[in-house]
Amino acid sequence: MEMKDIVIIGGGPAGLAAGLYAARAALDVVLIEQGALGGQAAGTERIENYPGFEEGIGGPELARRMDVQARRFGLNVLDANVQRLLRMENGFAVRTGEGEIVTRAVILASGTQPGKLGIKGEEELHGLGVSFCATCDGAFFKGRTVAVVGGGDAAVEEAIFLTRFAEKVYIIHRRGELRATKVLQERARRNPRIEFIWHSVVEEILGAYFVEGIRVKNVQSGDVEEIKVDGVFLYVGTRPNAGLVRDLVKLDDQGYVITDENMATSCPGLFAAGDVRKKLLRQVVTAVADGATAAVAAEKYLESIAR
Ligand SMILES: Cc1cc2nc3c(=O)[nH]c(=O)nc-3n(C[C@H](O)[C@H](O)[C@H](O)COP(=O)(O)OP(=O)(O)OC[C@H]3O[C@@H](n4cnc5c(N)ncnc54)[C@H](O)[C@@H]3O)c2cc1C
């Protein structure tokens with residue numbers, strides 16, 4: 001089997017940037033993506049803070065441009081799910097649903113997945129009013145009432161987006177103030193369709209066949225109330241997609257991959273980039289920077305083992 005220089009796992013912003021740099025450096029590289037290219041960025045309605053787009057840019061459009069740009073330099077993209085990653089004497093074996101690829105170096109750019117509340121109704125009503133993607137499902141809630149759970153950038157951004165469709169949007173947050181950036185907070189506060197429910201957690205999502213309401217508990221007073229909603233959008237943190245490397249590299253206590261400043265993990269030849277790694281800021285701008293750095297670091301690694 002032909003040995004690749006680099007296999008990139010994941011085709012979000014980090015993977016696509018790594019692919020662009022590696023392909024442009026004329027390395028033999030393949031990027032493996034299980035779903036749509038662009039990752040979480042492609043599922044974001046509008047990205048306002050990626051430099052170079054003064055009016056902002058739609059997430060799907062930014063993802064499309066990254067894809068076209070990387071392929072222009074000859075990046076190969078394989079549509080497959082990576083199921084296992086094995087360390088070999090001279091590299092790695094990457095097992096996918098489509099077969100096995102061997103490679104000297106790997107860049108893990110597998111991102112994160114939405115955190116779960118672990119409450120009754122969350123799994124049962126997923127797709128029946130419970131959603132993790134306002135961009136995908138918002139339009140189903142025209143004239144309806146929805147709840148957004150969370151207080152970070154993603155929650156507030158998506159709540160504002162949902163007011164385009166929904167008559168009323170509750171933002172339910174366990175604390176008394178938001179974590180989201182000030183500009184988003186102000187925009188949400190000014191929006192007449194948004195109502196905040198502070199110091200509160202959702203205990204149960206109600207409904208027999210689709211979402212009909214939520215049971216909310218005020219964590220200060222202990223009061224519990226039922227609120228009628230047609231949809232619930234959950235933005236309660238993220239979990240790293242790091243299962244593939246669990247036994248190969250050092251992870252932090254939340255399961256994020258620990259790297260040095262060159263994106264090298266504790267396993268030689270295995271690099272990590274983007275949201276999957278332990279870092280301060282998980283955004284497109286840092287994901288692409290990580291991807292570029294990982295590609296150049298992997299190139300240096302390949303040179304070092306060839307000597
Ligand atoms: C609702 C929301 C709004 C956001 N808004 C903004 C914003 O306004 N500005 C901003 O800068 N950032 C925003 N972000 C964050 C931004 O989207 C992420 O930081 C960025 O997408 C991270 O890129 P990534 O490539 O590291 O990971 P991801 O985008 O998560 O991509 C990882 C990719 O890896 C693939 N993958 C995972 N495991 C496997 C496997 N085993 N085999 C094959 N493929 C695999 C996944 O399918 C996915 O496509 C937002 C995120 C969300 C959820």
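Values as computed for the structure displayed
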item	result
Taking the C-alpha atoms of segment 116-234, convex hull volume expressed per residue in Å³	91 Å³
Flagged links, alpha-carbon separation over 18 Å, of Lys182/Lys217; Lys142/Lys168; Lys142/Lys228	Lys182/Lys217
Debye, to nearest 20: dipole size of segment 145-218, +1 on Lys, Arg Cβ, -1 on Asp, Glu Cβ	260 debye
Centre separation in Å (Cα based) which lies between segment 103-161 and segment 3-21	25 Å
Equivalent ellipsoid, the chain (semi-axes from 5 times Cα gyration tensor eigenvalues, Å)	39, 20, 17
Whole-angstrom Cα spans of segment 22-150 along principal axes, big to small	56, 40, 22
Cysteines (scope the chain) whose Cβ has no counterpart Cys Cβ under 4.7 Å	Cys267
Gained length - Arg24 relative to Glu48, 0.36 nm times residue gap less alpha-carbon distance	5.9 nm
Cross-link reach list, lysines versus Lys300, counting only Cα pairs under 17 Å and skipping chain neighbours closer than eight places	Lys4
Furthest towards positive pole of dipole, Thr265, Leu125, Leu206, structure part the chain, Cβ charges	Thr265
DSSP bridge orientation in segment 116-234 - percent antiparallel, rounded to nearest 5	40 percent
Test item: Cα-centred dipole of the chain, Lys/Arg +1 and Asp/Glu -1 on Cβ, debye	360 debye
DSSP-defined antiparallel bridges as percent of all bridges, the chain, nearest 5	45 percent
Over the chain: helical MRE at 222 nm, DSSP H runs n ≥ 4 each giving -39500 (n - 2.57), nearest 500	-7500 deg cm²/dmol
Top positive-direction residue, dipole computed over segment 22-119 with Cβ charges, set Gly99, Leu78, Gly39	Gly99
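The numbers here are math on the coordinates, done by the rules we state, and not lab data. As the structure is a computational prediction, the values presented were derived from the model and not from experiment. All Cβ positions, glycine included, derive from the backbone under ideal geometry; neighbour counts span all protein chains shown.
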